[in-house]
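Worksheet: the structure to be examined is printed underneath.
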Amino acid sequence: MFFFAFDAFSYALGFISALIFAWLLSRLRPAIDEWRKTAATRRVETQERRATGVEENHRRATLRRAQGMHLAASLFALDEVLLEPRLLAPPPRVEPGGALVTEDIVAQTLPYMPSWPELATLYRAPSLGLGQALSGGSHLVITGRAGAGKTVALAHLASLAANKDPRLGDLSEFVPFIVHAADLNLPITNPANLLNPIFETCAEYLSMFDGGRLPSFTEFVFKNGRALLLMDGYDELPGEDQQKLVEYFKALLTAYPKIRIVTSALPEQIGGLNGLGFAALSLLGWTHEQQQIFMRKWGALWSKVLGAEAWAQNGPEAIDAIILEAWLGNGNQHLSPLEFTLKTWGGFAGDGLGPHVLESIASHIRRLAPTGTPLAALETLAMQMIVNAQPIFEPRRARDWVKKYDVVEEGEAQTQDETAAEGEAEKTATPAKKTKASKVQSASSGLLGKLVTSGLLEERPNQKIRFAHPVFSGYLAGRALTAFSADETLTKQENWNGKLLALHYLAAQGNPSRFLDQLLLTEDLVLERPLLTAARWLKDAPRDAAWRGKIMAGLARVLQSEQTPRGLRAQAMAALALCGDPGAAAFFRQAMQSLSFDLIPLASLGSGAIEDTKAVELLSSTLSAPSLMPRRAACLALIAIGVPSAQEAVARALLNGDDDLRRAAAEALANDPKDGYEMLRDGAGLADIMVRRAVVYGLARVTAPWAKELLQTIQVQDNQWIVRNAAGEVLDSNANPADPRIPRRLPAPSQSAWLIEFAGKQGVGIPPGSPATDILLTALKSGTEEERLAALTYLRRTPTEGVVKTIYQTMQTDDIELRDACFQILFDLSAAGMNLPSPTKFGMN
């Protein structure tokens with residue numbers, strides 16, 4: 001038995017010591033907490049000091065890269081020839097109970113068509129700069145066809161971020177990381193390696209010392225939410241590879257939710273980006289005035305930079321720049337920036353094969369290809385790339401495709417043999433040895449090496465290869481398909497950029513009837529995607545091609561259908577306007593004589609787009625139509641045609657029309673920088689009060705500084721309050737940074753004030769995290785006009801079959817705005833990868 005002797009003194013001493021320690025700890029706790037905070041702050045400051053040097057060097061390297069990310073990088077830096085990219089502004093998001101949005105004549109007349117932005121460019125639809133588009137907090141996907149300038153837009157954004165340009169607002173402090181999809185090896189199975197492809201790509205452009213510090217710097221920036229990831233090449237990938245990239249974005253945003261991502265895509269192939277909070281905005285093309293500015297920039301740089309070269313001094317006498325610009329200034333309607341750049345380059349270099357788009361592309365390929373390169377080799381390489389759906393390929397695979405054209409020089413033979421031997425070693429290696437054996441081969445020799453050196457092919461940091469531009473591979477593959485049959489393989493492929501371009505240039509250089517017949521067999525009653533896909537072929541195809549008639553007839557059918565949504569009819573009109581067929585002008589003139597006030601505006605806009613001078617008389621008579629929509633369209637079309645008789649008709653409307661027509665005429669004049677601007681200046685000083693008031697709305701659409709100055713003068717000095725008030729309103733509207741067209745993140749249904757109020761009226765609540773699909777469908781069926789439009793925005797995120805059925809039913813309404821919104825939602829769902837069910841499944845036509 002053990003006995004415990006209780007020592008009262010020791011117990012008391014221990015107890016008192018514990019009390020003293022607890023008292024000291026309580027008194028010292030604030031100091032300890034402060035010390036911990038100070039230590040944490042010092043650690044962050046130390047990290048920032050260490051990162052500062054890397055950041056500055058990384059920004060400089062990014063700027064250098066960005067300035068070389070354009071077609072003419074071998075001649076000029078990007079900023080020297082840049083025309084600042086503009087994005088087609090989407091319709092403003094409707095918020096029940098919110099402020100009313102006043103839209104200009106173009107937004108009220110021309111339907112929103114992100115897949116056909118050419119007409120929005122021509123009619124100068126509302127647009128956003130890159131900084132504006134990102135100011136709402138959304139991730140951004142820049143959409144456009146190949147050659148629209150998506151890579152240039154990303155490069156310009158990288159330049160702005162690298163320079164901390166204030167035009168980016170809060171994003172000016174973000175650190176840009178520009179990566180091409182070709183640089184990624186997806187999927188990445190280990191979450192700890194998410195950032196590896198980003199800093200590995202960027203490290204290629206830094207010194208060895210900075211490259212070693214880049215991984216920790218990248219991790220630091222991404223964790224702090226200061227990273228701006230610019231991902232080029234998403235638009236070039238087939239659907240399966242796009243989905244891998246979407247999953248990569250999802251993993252990045254889960255790990256680093258505060259970063260911002262910008263990428264590029266085709267308008268109809270957004271994939272799963274919408275579900276990650278990306279806003280898709282279409283890139284606008286160049287107006288005639290912008291083309292002139294670009295040509296003058298190019299001419300000045302050409303004379304300054306290249307005029308001093310020895311070959312220029314010893315060559316033939318240069319053509320006078322004024323004569324050359326006048327010649328190049330014709331026939332450029334609806335050319336993409338890439339097409340116009342190639343035409344300009346060929347004109348100044350004197351090596352252009354002709355004025356046609358196809359000849360400009362062929363000239364540039366010939367300009368880049370090494371001397372003596374068989375064209376058949378390039379065509380075979382491009383066709384194999386398309387047929388195998390591999391826009392990014394390994395050198396070994398490419399050598400197999402073109403081996404019969406690859407004449408190996410004596411000094412390169414050993415390298416080729418080593419490559420083949422290593423390829424065999426990889427095939428036979430055991431899993432344990434395979435990593436060591438599978439060394440990535442570069443395109444350093446033979447035909448591929450020459451093509452990479454010349455710039456026609458591009459070798460990425462991970463040793464993979466791609467064509468310098470998808471248009472070049474599409475053109476070459478199209479040529480190859482005129483002689484080789486790949487019908488079965490291409491027909492089975494889902495639509496992707498490479499396939500679409502190859503078929504486009506096949507139609508331009510051969511007979512695509514076998515593909516067209518198969519394409520038009522696909523039923524799409526809602527969006528008419530097969531027909532509109534084929535309609536893109538018309539622009540560059542021979543005018544006498546027999547197969548054109550099928551497409552033209554289909555477009556006419558869609559445009560004339562009164563049951564078809566206005567957005568779809570407008571796409572058919574745009575396709576006809578861009579097809580270059582003389583019959584389109586006659587068709588538009590005939591349509592303007594119909595009794596349909598829905599068809600007349602679209603036909604009028606079509607006539608304006610093709611500058612049909614024979615339509616001036618009909619358009620002038622349309623100015624007296626009883627409906628406002630045809631009158632607005634006629635004003636826009638007359639200014640687009642631009643001949644004196646058309647301008648005079650709009651001037652008469654401004655001077656003698658009713659208030660609505662005067663305003664439409666003034667706003668249309670803002671589309672003419674030459675004579676239209678002069679008329680607006682003169683109109684601001686006329687005695688007629690209503691003319692001066694209408695002119696104010698015209699001046700509101702002019703972005704030049706003189707227009708703002710004139711409006712400010714009117715606001716202060718005009719002797720009529722109705723004119724002064726109008727000037728004040730437009731000045732306030734233009735100065736408002738909270739542009740309702742800027743895409744913003746959608747609040748959760750449980751946090752939406754209007755939806756909570758609507759649900760309360762129905763006697764239900766909205767739990768946090770709930771998609772609220774049922775109450776949104778109720779709002780779509782029975783809410784006010786604003787509530788129905790707002791409900792559609794939310795229902796885009798839950799595209800069940802029941803939701804699609806209700807949208808189909810809503811499209812039967814007579815409300816044009818609601819029908820257009822329903823059609824746009826269906827377009828967005830299709831672009832996101834959803835196979836829309838046929839309306840006949842629900843008993844609808």
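The values are calculated or read from the model by the stated rules, or taken from the named source; none is laboratory data. As the structure is a prediction and not an experimental result, all values here were calculated from the model. Backbone-built Cβ (ideal geometry, glycine too); neighbour counts: all protein chains shown. The accessibility values were calculated without ligands, DNA or RNA, using every heavy atom of the protein model including side chains. Shrake-Rupley method; radii C 1.70, N 1.55, O 1.52, S 1.80 Å.
When the residues of region 783-818 are filtered to those that are assigned to a helix (DSSP H, G or I), under 15 Å from residue 94 (Cβ atoms) and among the polar types (S, T, N, Q), the one that is nearest to the chain's Cα centre (by Cα) is 793.
Being in a helix (DSSP H, G or I) and under 21 Å from residue 548 (Cα atoms) is the filter here, so list the residues in region 491-511 that pass it. I'd like the intermediate steps shown before the answer.
Residues of region 491-511 that are in a helix (DSSP H, G or I), as a first pass: 491-492, 497-509.
Within region 491-511, 491, 499, 500, 501, 502, 503, 504, 505, 506, 507, 508, 509 meet the criteria.
Given the structure, is residue 766 open to solvent by 50 Å² or more (accessible area, probe 1.4 Å), over 30 Å from residue 703 (Cα atoms), at pLDDT 90 or above and among the hydrophobic types (A, V, I, L, M, F, W, C)?
Numbers: open to solvent by 50 Å² or more (accessible area, probe 1.4 Å): no; over 30 Å from residue 703 (Cα atoms): yes; at pLDDT 90 or above: yes; among the hydrophobic types (A, V, I, L, M, F, W, C): yes.
No.
Checking each residue in region 233-259 for being open to solvent by 10 Å² or more (accessible area, probe 1.4 Å), in contact with a helix residue (DSSP H, G or I) (Cβ under 7 Å, 6 or more places away or on another chain) and not in a helix (DSSP H, G or I) picks out 237, 256. Residue 571 meets the stated requirement of being within 30 Å of residue 814 (Cβ to Cβ), polar (S, T, N, Q) and assigned to a helix (DSSP H, G or I).
For the structure I just gave you, tell me whether residue 485 is on the phi < 0 side of the Ramachandran plot, hydroxyl-bearing (Ser, Thr, Tyr) and open to solvent by 60 Å² or more (accessible area, probe 1.4 Å). Considered against the rule, which asks whether it is on the phi < 0 side of the Ramachandran plot, hydroxyl-bearing (Ser, Thr, Tyr) and open to solvent by 60 Å² or more (accessible area, probe 1.4 Å), residue 485 comes out as yes.
On the stretch given as region 266-293, residues that are open to solvent by 30 Å² or more (accessible area, probe 1.4 Å) and in a helix (DSSP H, G or I) total 8. Taking the listed residues 472, 515, the one that is open to solvent by less than 20 Å² (accessible area, probe 1.4 Å), at pLDDT 95 or above and assigned to a helix (DSSP H, G or I) is 472, with no other qualifying.
Considering (1) surrounded by fewer than 22 Cβ atoms within 10 Å (Cβ to Cβ); (2) part of a loop (DSSP other than H, G, I, E, B), the lone condition that residue 549 does not fulfil carries the number (2).
Consider residue 721 carefully, then state whether it is aromatic (Phe, Trp, Tyr), modelled with pLDDT of 90 or more and exposed (fewer than 11 other Cβ atoms within 10 Å of the Cβ). So that I can check it myself, show each step before the final result.
Working: aromatic (Phe, Trp, Tyr): yes; modelled with pLDDT of 90 or more: yes; exposed (fewer than 11 other Cβ atoms within 10 Å of the Cβ): yes.
It is true that residue 721 is aromatic (Phe, Trp, Tyr), modelled with pLDDT of 90 or more and exposed (fewer than 11 other Cβ atoms within 10 Å of the Cβ).
Taking region 332-350 as the range and being in contact with a His (Cβ under 9 Å, 6 or more places away or on another chain) and assigned to a loop (DSSP other than H, G, I, E, B) as the test, the residues that pass are 332, 333.
When the criteria are applied in full, residue 607 fails the requirement of being out of contact with any His (no Cβ under 7 Å at 6 or more places or on another chain) and exposed (fewer than 15 other Cβ atoms within 10 Å of the Cβ). All conditions but one from (1) open to solvent by 50 Å² or more (accessible area, probe 1.4 Å); (2) farther than 13 Å from residue 481 by Cα apply to residue 406; the one that does not is (1).
In region 255-280, which residues are closer than 23 Å to residue 147 by Cβ and of a type outside the set (S, T, N, Q)? Working first, answer last.
Here is the first cut: in region 255-280, the residues closer than 23 Å to residue 147 by Cβ are 262-271, 273, 278-280.
The answer is 262, 265, 266, 267, 268, 270, 271, 273, 278, 279, 280.
For (1) surrounded by fewer than 22 Cβ atoms within 10 Å (Cβ to Cβ); (2) of a type in the set (Lys, Arg); (3) within 16 Å of residue 617 (Cα to Cα), each residue gets a yes or a no:
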position	(1), (2), (3)
639	no, no, yes
654	no, no, no
658	yes, no, no
682	yes, no, no
690	yes, no, no
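With respect to residue 170, determine if the residue is open to solvent by less than 40 Å² (accessible area, probe 1.4 Å), of a type in the set (Asp, Glu) and more than 30 Å from residue 241 (Cβ to Cβ). Against the criterion (open to solvent by less than 40 Å² (accessible area, probe 1.4 Å), of a type in the set (Asp, Glu) and more than 30 Å from residue 241 (Cβ to Cβ)), residue 170 does not qualify. In region 692-714, what residues are under 22 Å from residue 126 (Cβ atoms) and open to solvent by 40 Å² or more (accessible area, probe 1.4 Å)? The answer is 693, 701, 703, 705, 706, 708, 709, 710, 712.
In region 488-502, what residues are open to solvent by less than 20 Å² (accessible area, probe 1.4 Å) and within 24 Å of the chain's Cα centre (by Cα)? Can you show your working first?
We begin by selecting, within region 488-502, every residue open to solvent by less than 20 Å² (accessible area, probe 1.4 Å); these are 490, 496-499, 502.
Listed by number, the residues that qualify are 496, 497, 498, 499, 502.
Which of the residues belonging to region 819-845 are more than 21 Å from residue 533 (Cβ to Cβ), in a helix (DSSP H, G or I) and touching a helix residue (DSSP H, G or I) at 6+ places or on another chain (Cβ under 8 Å)? Can you show your working first?
Quick first cut of region 819-845, residues more than 21 Å from residue 533 (Cβ to Cβ) only: 819-822, 840-845.
Cutting the leftovers down to in a helix (DSSP H, G or I) gives us 819-822, 840-842.
819, 820, 821, 822, 842 - these are the residues of region 819-845 that are more than 21 Å from residue 533 (Cβ to Cβ), in a helix (DSSP H, G or I) and touching a helix residue (DSSP H, G or I) at 6+ places or on another chain (Cβ under 8 Å).
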